[in-house]
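The structure appears right after this line, and notes come after that.
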There are 2 protein chains.
Amino acid sequence: MELDRRTKGIPGLSDTFDSADIAGKGWNVLRQDMPLPLALLRETTLDGNAAWMRAFCENSGVSLAPHGKTTMCPQLFQRQIADGAWAITLSTAHQVQVARENGINRILVANQLVDPAFIDYVADQLATDAGFDFLCLVDSIAGVEILDARAKQRLGARRLGVLVEIGAAGGRTGVRSTQEAFAVARAVKASSVLELRGIEGFEGSVPGATSTNIGPVERFLDAIRESVLAADAEGLFTGDEIVLSAGGSSYFDLVIDRLAGIELSKPVRLVLRSGCYIAHDDILYTDHFAHIRKRSERASHTHGRLAPAIEVFAYVQSIPEAGLALLTAGKRDLSYDAHLPVPRKHFRPGRDTAPAELAAGYKIEALNDQHAYMRFPEGADLRIGDIIGLGISHPCTTFDKWDVLYGVDDDYNVVTAYKTFF
Amino acid sequence: MELDRRTKGIPGLSDTFDSADIAGKGWNVLRQDMPLPLALLRETTLDGNAAWMRAFCENSGVSLAPHGKTTMCPQLFQRQIADGAWAITLSTAHQVQVARENGINRILVANQLVDPAFIDYVADQLATDAGFDFLCLVDSIAGVEILDARAKQRLGARRLGVLVEIGAAGGRTGVRSTQEAFAVARAVKASSVLELRGIEGFEGSVPGATSTNIGPVERFLDAIRESVLAADAEGLFTGDEIVLSAGGSSYFDLVIDRLAGIELSKPVRLVLRSGCYIAHDDILYTDHFAHIRKRSERASHTHGRLAPAIEVFAYVQSIPEAGLALLTAGKRDLSYDAHLPVPRKHFRPGRDTAPAELAAGYKIEALNDQHAYMRFPEGADLRIGDIIGLGISHPCTTFDKWDVLYGVDDDYNVVTAYKTFF
């Protein structure tokens, strides 16, 4: 893929080049070879996160279908597959198209398909590629009918696999009772082109659930367990194995506690879907991960840990008042939905050889589209032209602000261009 | 520019094609030719907004340098220039690079430049293209020194034009007093490569200012007036005219009230910088515009009006409970920083020939990354598979979620692919 100076982060004096050749440019972030802001992925930490999640899933006997919507980076999808992921989870037609164009052969769409353009594409992919495996969700008889009617126009001899989605009252999608789950499952059974391959739920959006109040998550997972046992007893599942999937990035240990080891009439594949583990973050998932390690012996005993691999670098552009600095990054560059970013590192070009960790007292108090307002302690040694490294909260909403994120080694040499497709 | 199925909105069964040929595809949004979500720009409304702003600026005797960060769409930059814009305003190195690659020959960067890669690029562009005119801001002596030292390495015989930025206490960038403004202006005067071409301020981020409390904006504009009069009296400005620039999308009428007609030693060019007028929106700028029309006879007497040209279409994917629908669009598709989006239109494929305006009682109450939670009135005729048209608040943060927005005619035929560069 070609990169040129129209891509955020590429120097204006650079010629067009192939993204695979970026390491050969010899660019170093601290040497100021590239304009800021830059979104960086620290390769060593990325490797550690991948290794931790792989080991944790292996130790737990579960499969991983990481949610690709987090990064929308096919290079990372391919890496996750190489690391042993069973599938890539996705949300939208566009996301599936991106994954398929990049050779992803098993996709779990964690949504019900109602869009004819989406159904046409999936059915066509299934009909024309015997090596492609696809699963999506259904949560209503109407949804089953829409999918059945449209998919059969293109599917040929293949069947389209679905999971009944269990939801929680007041929550997002998914049936609200075992009875409803059964009605939907029977509608699937009656279809000539769909097949029921399992049950799914997303515990991350259950109302009232937090790291310090996991009761709603546990009750929700128990409801999934109850539904899958009942549906299996009625012989509603087809195929060689039953897929049981839950698990975002916040409570995946609880999914294993409550759903692993369930005994059904066929082998069970328990599939976690965490998407955030690969980049992790500085606030939201750092907090969730601390709770996961506290709750789960398996997590705390897995070698290594998840750590924030993503950071955004920006300049101090102005210090118009004592204690207030404006940085050259804003809503266009940084997540602001869960928390505002947090200043972590300070580097003064021409003086420092490596970024220093910032002491307490530095705080982002607001973002505009292209500016961050940073408060800093009285007497701090801060000048315009200094570089600040920001940690973020919720990687999904930082990735989506970058056409390319830059992989760096421990010395901030740029070694990889991670192209995204949002 | 080639578009393919990796671009959000392009059907999975489409071959790669040139974006300029999109009208020839014969795609219609209501005929479901493209997967949703889609971000749409209604061409008729876009034309009306462009005409209104052009007429308003002409009637007011002011120049327009629309802030390009709003859309980051070179096709719209070029259109704005063709419509008479004096320059394009931008924020970052990346944005300037995108504009220059697309033939924009006058750029106002509404920031102080401290990034060596940014300064190198601008200096190189000035040195190599005599037809390129560039202005940026300075708000400190340190900033002047950084810019002077770096720019002189590449500028050749050109000078780099700057405006001293006036700020407000507790606000964003900019000097906090006329004294400081003078000190910065004198530092510019002492530079052998910079030249002081005027004064700038951004009234949109003055603390305490709202549409119903415009006092802080007026006082801020008066401070700009005072600074420019004093600097002119001291002969600090160089060049044939003095540039005086303020005006975002919220209070541009007040800028004219307070700053138009100022008499200085040279001709004065008053430059507004509104970026949002071209797409406008359904909430934030609709409200600001109502206040502008109430305050300004010139605005209310200008033929036509600004109207929301941007909307996002999504499917009803699930109705898991009475009164709750989940739509196939979320934080990846819609602004959520100023207000949540607002459901405006309803279309049932196979039944309707045009979208109907939604009655009251439909409300987006939350967004996840890829879902919107829509509450709707009891007894409403809503089904999964229906299409909802959403209005947004703050166009900048919807544009940045789309690699391509689709221009549609009044019948929702797709006539233009608006490629963005974020």
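The values are calculated or read from the model by the stated rules, or taken from the named source; none is laboratory data. Predicted, not measured: the structure shown is a model, and the values here were computed from it. Methodologically, a virtual Cβ is constructed for each residue, glycine included, from the backbone with ideal geometry; neighbour enumeration extends over all protein chains shown. When the accessible area is computed, the model is the full protein with side chains, heavy atoms only, and any ligands, DNA or RNA have been set aside. Shrake-Rupley method; radii C 1.70, N 1.55, O 1.52, S 1.80 Å.
Structure notes:
- Note on region B:63-166: with charges restricted to the Cβ of Lys and Arg (+1) and Asp and Glu (-1), its dipole about the Cα centre is near 180 debye.
- Rg/Rh ratio calculated on Cα atoms of region B:279-408 (Kirkwood radius): 1.01
- Inter-copy label distances at B:ARG106, shortest first and taken from points set 7 Å along Cα to Cβ: 6.1 nm.
- Seen against the Cα atoms of chain B and their longest principal axis, helix B:284-295 is set at about 60 degrees.
- Label distances, nm, B:GLY350 versus same residue in remaining copies, Cβ-directed 7 Å point: 6.9
- Plainly put, the tip 7 Å out from Cα toward Cβ on B:GLY323 is 4.6 nm from that tip on each other copy, the closest given first.
- Protein-protein interface of region B:1-45, residues with accessible area decrease of at least 30 Å², isolated chain reference, 1.4 Å probe: B:ARG5, B:ARG6, B:LYS8, B:GLY12, B:LEU13, B:GLN32, B:PRO35
- Cα-based helix-to-principal-axis angle, A:215-233 vs chain A, degrees rounded to 10: 30
- In the protein assembly as shown, helical runs assigned H by DSSP with n ≥ 4 each contribute -39500 (n - 2.57); averaged across all residues and rounded to the nearest 500, the mean residue ellipticity at 222 nm is -8500 deg cm²/dmol.
- Take the Cβ atoms of B:LYS294 and B:GLU101, set R0 to 30 Å, and the FRET efficiency comes out at 0.15.
- Expressed to the nearest 5 percent, the antiparallel share of DSSP beta bridges inside region B:105-274 is 5 percent.
- For region A:152-158, the Karplus equation 6.51 cos²θ - 1.76 cosθ + 1.60, evaluated at θ = phi - 60°, returns couplings of 5, 5, 10, 5, x, 7, 6 Hz by residue, with Gly and Pro reported as x.
- In this assembly, the A-B interface accounts for approximately 6000 Å² of buried accessible surface in total, computed with a 1.4 Å probe and without ligands, DNA or RNA.
- The mean of 1/r over all distinct Cα pairs in chain B, once inverted, gives the Kirkwood hydrodynamic radius of 22.9 Å.
- DSSP beta bridge pairing in the protein assembly as shown, given as percent antiparallel to the nearest 5: 50
- Fully extended contour minus Cα-Cα distance, from A:ARG31 to A:ASP381, at 0.36 nm per residue: 124.0 nm
- The dipole here belongs to region A:105-274: it is taken about the Cα centre, uses +1 on the Cβ of Lys and Arg and -1 on the Cβ of Asp and Glu, and is about 220 debye.
- Whole-number D in µm² s⁻¹ for the protein assembly as shown, Kirkwood Cα-pair radius fed into Stokes-Einstein, 4 °C, 1.567 mPa s: 46
- Debye intensity ratio in log₁₀ form over the Cα atoms of region B:139-184, taken at each q of 0.16, 0.32 Å⁻¹: -0.49, -1.14
- Probing with 1.4 Å while keeping every protein chain in the model, the per residue accessible area of chain B equals 33 Å².
- Angle in degrees between helix A:43-60 and the longest Cα principal axis of chain A, rounded to the nearest 10: 30
- Pairs over the 27 Å Cα-Cα cut-off, from the set A:LYS69/B:LYS69; A:LYS363/B:LYS69; B:LYS69/B:LYS363; A:LYS8/A:LYS69; A:LYS25/A:LYS419: B:LYS69/B:LYS363.
- Cα pair distances in region A:105-274, grouped into 10 Å bins until the bin that holds the longest one, percent each: 11, 41, 35, 13, 1
- 1.4 Å probe, heavy atoms, protein only - residues of region A:338-387 losing at least 40 Å² accessible area vs chain alone: A:ASP369, A:GLN370, A:HIS371, A:TYR373, A:ILE384
- Carbon + sulfur, % of accessible area of chain A - ligands and nucleic acids excluded, 1.4 Å: 46
- For region A:170-191, residues shielded by at least 20 square angstrom of accessible area compared with the chain on its own, probe 1.4 Å: A:GLY170, A:GLY171, A:ARG172, A:THR173, A:ARG176
- Positive-end residue of A:ALA151, A:ALA181, A:PHE237, charge dipole of chain A with Cβ unit charges: A:ALA181
- Residues of type lysines that B:LYS266 reaches as a straight line, Cα spacing below 26 Å, ignoring anything fewer than 8 places off in the same chain: B:LYS189
- In this structure, B:ARG351 and B:THR210 have a Cβ-Cβ separation that, at R0 = 56 Å, corresponds to a calculated FRET efficiency of about 0.80.
- Interatomic Cα distance distribution for region A:129-227, bins of 10 angstrom, percent: 16, 43, 26, 12, 2
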